[in-house]
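Taking it in order: structure first as C-alpha cells, then the write-up.
The values are calculated or read from the model by the stated rules, or taken from the named source; none is laboratory data. Remember, predicted model here, so these are calculated numbers, not experimental data. Glycine gets a Cβ as well: all are built from the backbone with ideal geometry, and neighbour counts include every protein chain shown. All accessible areas refer to the heavy atoms of the entire protein, side chains included, with ligands and DNA or RNA removed. Shrake-Rupley method; radii C 1.70, N 1.55, O 1.52, S 1.80 Å.
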Amino acid sequence: MNVIIVGCGNVGYALVERLSDEKHNVVVVDKDKKKVDLITDEQDVLGVVGDGINYKVLLKAGIEHTDLLIAVTESDEQNLLCCVMAKRSDKYCRTVARVRNPVYNTETSYLRRELGLALIINPELIAAAEIARRFQYPDSIQVDTFTRGRIELFHLELKEGNPLIGMSVGTVINHFKCHVLICAVQRGRKTLIPEFKTMLTEGDELILSATPKDANTFFKRTEINKHPLKSAMIVGGGTIGFYLANRLVETGVRTKILESDAERCEFLNEAIPKATVINGDGSDEKLLIREGIGGVGAFASLTGIDEENVLLSLFAQRVSHANIMTKLRRLNYTDIMEGKQLENTIFPGVMTADYIVKYARSMSGSREGNIENIFTLSKSKAKAMEYFIVKPGRATGVPISQLKLKEGLIICSITRNEKLIVPRGRDEIRVGDNVLILTTGEIYNDIEDIVEI
C-alpha cells in the first residue's frame, strides 16, 4: 500500500516505524528538512521537504498513486486542509487527520462527511478513554475500543459465583434493567450470537456493548465490580485532563482537578461543573496532601512535563493506595522508569500511531464499500467491523427489528452526532452514522451486505 505521512513529529515518526516494518511504501512530508532527513536516514522511506497543503508538494510525494494519506502536523486546520487537497488530487485516496482541539470534537461527524475524510483521530480523547478504562475496570473485564477511543465492547468471563450464571440473556437484560447489549458468547472454541433464550454457563465469556456510564451501572448492579472507583485526583487540566474528568464524572466518580493556570480553571469550572477545580501548583506536596491525595482511589499526573509527571506519581505512590497513571511524551523515559515501580504509563502519541496503523491494516487494499475498520477482537474469534454510512439503502431508515439480518452477526452500536447508541429493535441506521457490527462469519465490505435480499 502507498502511504503519505504529513508531519514528522513524534506521531509521524511512530507511524513511519510501524508502517515501514509492515512493508508499506511510505513517503514523509514536512517543512522541516532536519526532521525529514532524520527519518529518511533511519528508516527505509522516501522524504519530501515542503508544505503538505501545497499541491505541487503532494504531487512530488506521489499523491496520484497513494492509497492513504495521514496528516499529523501540529495544526488541526492544516491537517484538515491537507486531507481535502489529497481528496481533490485523487478521489480514491483515503485520508486521516489528527484533530486535537476540543472545539472540533462535537463536529467530527460533520467534518468527515463534508470533507470526505476516512478518519478523524483525537489523541487526547483516546488517551483519556484508556486512562478511564484502567481506573474503572478490574483486570477481569477486558475492553476493546472503537470510534476514536470510545469504549464500546467489554469482555467478561463468567467464573464460579458470577450472578449471571444460569440466567438467560433475556433475563439478564430484564432483571438488571441496564442498557447493555450482550453481543456474543464465547463458549470454548465457539463464538455464538445469542438469542434471548440463550442460557449463560460457567466458563462463558460475554462480549457486551454499552456506553461507559451504562457499563459502570451494569457492573455495579451485578456486583461484578465489587470495588468501583469512587474518587480521583487529576494534576493538569489540559485537554487529556478535561476529557478524563468529563468521563469520570459521567460515571459518578468524585473528581478533583489541580491546575496552575487561573484562566484554564475558569474554563474547567464552567465546562465540568460536577468536578472540583483547584487553582494551584500540582507539584506542591503540601497542597496535594491538603486536597486529600492520601484517600483518593485514582491519581493521574497529566502535566506537559514528563519529569514532573514521574515525580508526582512517585509521591502519590508513597502517600496513597491510589491506582496511579503517568502521562509521558518521550519514549526514552521507558528506560528511566525501570525499577521505579510505576506500572501504569501512557504515551498518547504512540497510542495514536497504533490506532491509525489498525485502520491501515483494515483497508486490506479495498477501495469499495463503506467499511472503515476491521478488528479481530482480543479474546475471541469474532470480528468487529465499523461502517460510515454515506448514503441511504436497504439497511437504513428501517427499525432494526424489521431488518432481515444475515446469520452470525449483530449490530452492536450506532454513533450519531458523537452520541453512542446501544441499539434496540426500534432504533434504525441513518445516513451519517458510524455503525459497529460484530460477526462470527464472513466480512461484509458494505453495510448493505448484512441484510438478506
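For T326, indicate whether it is modelled with pLDDT of 75 or more, on the phi < 0 side of the Ramachandran plot and part of a strand (DSSP E or B). Steps first, please.
Values: modelled with pLDDT of 75 or more: yes; on the phi < 0 side of the Ramachandran plot: yes; part of a strand (DSSP E or B): yes.
Taking the combined requirement at face value, the residue satisfies it.
Whether any residue in the range 157-176 is open to solvent by 10 Å² or more (accessible area, probe 1.4 Å), over 22 Å from V357 (Cβ atoms), among the polar types (S, T, N, Q) and in contact with a strand residue (DSSP E or B) (Cβ under 6 Å, 6 or more places away or on another chain) is what I want to check. Steps first, answer last, please.
Of the residues in the range 157-176, the ones open to solvent by 10 Å² or more (accessible area, probe 1.4 Å) are 157, 159-163, 165-168, 171, 173-176.
Cutting the leftovers down to over 22 Å from V357 (Cβ atoms) gives us 157, 159-163, 165-168, 171, 173-176.
From what's left, among the polar types (S, T, N, Q): 162, 168, 171, 174.
Add one more test, that the residue is in contact with a strand residue (DSSP E or B) (Cβ under 6 Å, 6 or more places away or on another chain), and what stays is 168.
Yes: the range 157-176 contains one or more residues that are open to solvent by 10 Å² or more (accessible area, probe 1.4 Å), over 22 Å from V357 (Cβ atoms), among the polar types (S, T, N, Q) and in contact with a strand residue (DSSP E or B) (Cβ under 6 Å, 6 or more places away or on another chain).
Output the number of the condition that K230 fails; it satisfies all remaining conditions of (1) at pLDDT 90 or above; (2) under 21 Å from the mean Cα position of the chain (by Cα); (3) closer than 18 Å to R133 by Cβ.
(2)
Can you tell me which residue among G432, G408, G397, G441 is surrounded by fewer than 13 Cβ atoms within 10 Å (Cβ to Cβ) and either under 15 Å from S109 (Cα atoms) or touching a strand residue (DSSP E or B) at 6+ places or on another chain (Cβ under 9 Å) (or both)?
Working: G432 fails: surrounded by fewer than 13 Cβ atoms within 10 Å (Cβ to Cβ); G408 fails: surrounded by fewer than 13 Cβ atoms within 10 Å (Cβ to Cβ); G441 fails: surrounded by fewer than 13 Cβ atoms within 10 Å (Cβ to Cβ).
It is G397.
Residue by residue through the range 417-429, note down the ones that are more than 13 Å from A395 (Cβ to Cβ) and open to solvent by less than 50 Å² (accessible area, probe 1.4 Å). Please lay out each step first, then the result.
From the range 417-429, those more than 13 Å from A395 (Cβ to Cβ) are 417-422, 424-426; that's our starting set.
E418, L420, I421, V422, G425, listed by residue number.
Being at pLDDT 85 or above and out of contact with any Ser or Thr (no Cβ under 7 Å at 6 or more places or on another chain) is true for just one of K197, K177, K190. Which residue is that? I'd like the intermediate steps shown before the answer.
Details: K197 fails: out of contact with any Ser or Thr (no Cβ under 7 Å at 6 or more places or on another chain); K177 fails: at pLDDT 85 or above.
Among K197, K177, K190, only K190 is at pLDDT 85 or above and out of contact with any Ser or Thr (no Cβ under 7 Å at 6 or more places or on another chain).
Can you tell me which residue among V96, V103, V45 is over 17 Å from the mean Cα position of the chain (by Cα) and modelled with pLDDT of 90 or more? Can you show your working first?
Values: V96 fails: over 17 Å from the mean Cα position of the chain (by Cα); V103 fails: modelled with pLDDT of 90 or more.
Step by step, each of V96, V103, V45 is checked, and only V45 is over 17 Å from the mean Cα position of the chain (by Cα) and modelled with pLDDT of 90 or more.
Identify the residue in the range 380-394 that is of a type in the set (A, V, I, L, M, F, W, C) and in contact with a helix residue (DSSP H, G or I) (Cβ under 9 Å, 6 or more places away or on another chain) and, among all such residues, is surrounded by the fewest Cβ atoms within 10 Å (Cβ to Cβ). Working first, answer last.
Keep residues of the range 380-394 that are of a type in the set (A, V, I, L, M, F, W, C), which gives 382, 384-385, 388-390.
The next check asks that each one be in contact with a helix residue (DSSP H, G or I) (Cβ under 9 Å, 6 or more places away or on another chain); those that pass are 385, 388-390.
On the way: M385: 23, F388: 22, I389: 20, V390: 14.
Per the stated criteria, the residue is V390.
Hey, among the residues in the range 90-109 that are hydroxyl-bearing (S, T, Y) and touching a residue at least 60 places away in the same chain (Cβ under 8 Å), which one's nearest to I5 (Cα to Cα)?
Of all residues in the range 90-109, those hydroxyl-bearing (S, T, Y) come to 92, 95, 104, 106, 108-109.
Now narrow it down to the ones that are touching a residue at least 60 places away in the same chain (Cβ under 8 Å): 92, 106, 108-109.
Values: Y92: 17, T106: 26, T108: 21, S109: 23 Å.
Going through the qualifying residues, I end up with Y92.
Collect the residues in the range 130-140 that are surrounded by fewer than 23 Cβ atoms within 10 Å (Cβ to Cβ) and either of a type in the set (S, T, Y) or farther than 13 Å from H227 by Cα (or both), keeping them in residue-number order. Steps first, answer last, please.
Within the range 130-140, the subset surrounded by fewer than 23 Cβ atoms within 10 Å (Cβ to Cβ) is 130, 133-134, 137-140.
Correct list: E130, R133, R134, Y137, S140.
Tell me which of these C183 doesn't satisfy, since it passes every other one: (1) within 30 Å of D306 (Cβ to Cβ); (2) open to solvent by less than 20 Å² (accessible area, probe 1.4 Å).
Here C183 meets the rest and fails (1).
Name every residue in the range 233-250 that is surrounded by fewer than 20 Cβ atoms within 10 Å (Cβ to Cβ) and over 17 Å from N309 (Cα atoms), in order of residue number. Write out each step before concluding.
Just the residues of the range 233-250 that are surrounded by fewer than 20 Cβ atoms within 10 Å (Cβ to Cβ), to begin with: 238, 246, 249-250.
Across the range 233-250, the qualifying residues are N246, V249, E250.
Filter the range 215-232 for residues that are outside any loop (DSSP other than H, G, I, E, B) and open to solvent by 40 Å² or more (accessible area, probe 1.4 Å) and give the result. Before you say what the answer is, go through the steps one by one.
First, the residues of the range 215-232 that are outside any loop (DSSP other than H, G, I, E, B): 215-221, 231-232.
Within the range 215-232, T217, K220, R221 meet the criteria.
Just to confirm my filter: which strands (runs of 3 or more DSSP E) fall fully inside the range 1-115 and include at least 3 residues that are open to solvent by less than 40 Å² (accessible area, probe 1.4 Å) and not small (G, A, S)? Break it down stepwise before answering.
On the way: elements: 2-6, 25-30, 46-49, 68-71, 94-98.
Answer list for the range 1-115: 2-6, 25-30, 68-71, 94-98.
Just the residues that are touching a Ser or Thr at 6+ places or on another chain (Cβ under 7 Å), within 21 Å of N434 (Cβ to Cβ) and among the small types (G, A, S), please, taken from the range 72-131.
A118, A129
What are the residues in the range 199-214 that are assigned to a loop (DSSP other than H, G, I, E, B), open to solvent by 10 Å² or more (accessible area, probe 1.4 Å) and within 13 Å of L164 (Cα to Cα), if any? Write out each step before concluding.
Going through the range 199-214, the residues assigned to a loop (DSSP other than H, G, I, E, B) turn out to be 200-204, 210-211.
Restricting the remaining residues to those that are open to solvent by 10 Å² or more (accessible area, probe 1.4 Å) gives 201-203, 211.
Across the range 199-214, the qualifying residues are T201, E202, G203.
If only one of E263, E291, E270 is open to solvent by 30 Å² or more (accessible area, probe 1.4 Å), in contact (Cβ under 8 Å) with a residue 40 or more places away in the chain and under 24 Å from A127 (Cβ atoms), which one is it?
Working: E263 fails: in contact (Cβ under 8 Å) with a residue 40 or more places away in the chain; E270 fails: in contact (Cβ under 8 Å) with a residue 40 or more places away in the chain.
From the options E263, E291, E270, the qualifying one is E291.
Which residues, counting only those in the range 138-160, are assigned to a loop (DSSP other than H, G, I, E, B) and at pLDDT 85 or above?
Of the range 138-160, the ones assigned to a loop (DSSP other than H, G, I, E, B) are 138-140, 147-149, 158-160.
If the condition is that a residue be assigned to a loop (DSSP other than H, G, I, E, B) and at pLDDT 85 or above, then L158, K159, E160 are the ones that fit.
In the range 169-202, how many residues are among the β-branched types (V, I, T) and touching a Cys at 6+ places or on another chain (Cβ under 8 Å)? Break it down stepwise before answering.
Looking only at the range 169-202, we keep the residues that are among the β-branched types (V, I, T), and these are 169, 171-173, 180, 182, 185, 191, 193, 198, 201.
Restricting the remaining residues to those that are touching a Cys at 6+ places or on another chain (Cβ under 8 Å) gives 193.
So the answer is 1.
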